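Scroll down for the structure; my scribbles are underneath it.
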Amino acid sequence: MYRNALAQAPNNPEILADQGYSFYLQSRYAEAEESLKRALEPDSELPRARNNLAMVLARREKFDDSFAEFRRAGSDITDAHVNLAYVMMWKGDLQEAQEEFDLALDIDETCVEAKQGLERMRSLARRIDGPRQASNPRQASNTAPPKHPAVNEPVSPTVEESIANVVHYTSQWPRRAAY
């Protein structure tokens, strides 16, 4: 369908952005990056294309470029760190996600999104580490100690619920960006 649409309007940024996001959802990150960059050529102010490009770049471990794209999409510095943290959390890089949440809280200690993200990440880490630790109670957790211990850590009932929370948050990206 995208090929047909692009045959009719080869440089339509909306179609290219949608195609790029479709590639992203299929884990076809190189194609997603190419399509999203093409979407930004004629209309460099398409925030959702920038935001989706930021997610793709993070998945491709181009973190500095990803952070810059979140900023270009309209996120302030704190929210760009939170967005990057959620992508890292989705990838399973909990240590890197925590570092990004911590950076956001270092900038703005009242950042609700960063506090909630840390809670979700720690809950997910406990769910993942729980079975391992139950089989070997002396084994140390592979997650870093909390840098911001004042954050409450409610336990989610399931790993699936924690992941659903991440998906819910990422569906609202970019945070505080104007469309």
Inset, instruction - Determine which single condition residue 89 fails, assuming it passes every other condition in (1) over 30 Å from residue 129 (Cβ atoms); (2) touching a residue at least 60 places away in the same chain (Cβ under 8 Å). - result: (1)
Inset, instruction - State all residues of segment 23-57 that are among the hydroxyl-bearing types (Ser, Thr, Tyr) and either out of contact with any helix residue (DSSP H, G or I) (no Cβ under 6 Å at 6 or more places or on another chain) or without any contact (Cβ under 8 Å) to a residue 24 or more places away in the chain (or both); if no residue qualifies, say none. - result: 27, 35, 44
Inset, instruction - Scan (1) surrounded by 24 or more Cβ atoms within 10 Å (Cβ to Cβ); (2) over 13 Å from the mean Cα position of the chain (by Cα); (3) not in a helix (DSSP H, G or I) for the single condition residue 109 breaks and write down its number. - result: (1)
Inset, instruction - Please specify each residue of segment 68-104 satisfying the condition of being surrounded by 21 or more Cβ atoms within 10 Å (Cβ to Cβ) and among the aromatic types (Phe, Trp, Tyr). - result: 70, 86, 101
Legend entry - residue 127 vs. criteria basic (Lys, Arg) and either within 19 Å of residue 20 (Cα to Cα) or in the same structural domain as residue 26 (by TED's automatic domain parsing) (or both): no
Inset, instruction - Determine which member of the set 82, 56, 112 is outside the structural domain of residue 30 (by TED's automatic domain parsing), closer than 30 Å to residue 15 by Cβ and of a type outside the set (Ser, Thr, Tyr). - result: 82
Legend entry - Complete set of residues in segment 118-138 that are closer than 22 Å to residue 85 by Cα and either of a type in the set (A, V, I, L, M) or at pLDDT 95 or above (or both): 118, 121, 124, 125, 128
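The values are calculated or read from the model by the stated rules, or taken from the named source; none is laboratory data. Note that this is a predicted model, so its numbers are computed, not measured. We place every Cβ from the backbone using ideal geometry, glycine too, and count neighbours over all the protein chains shown.
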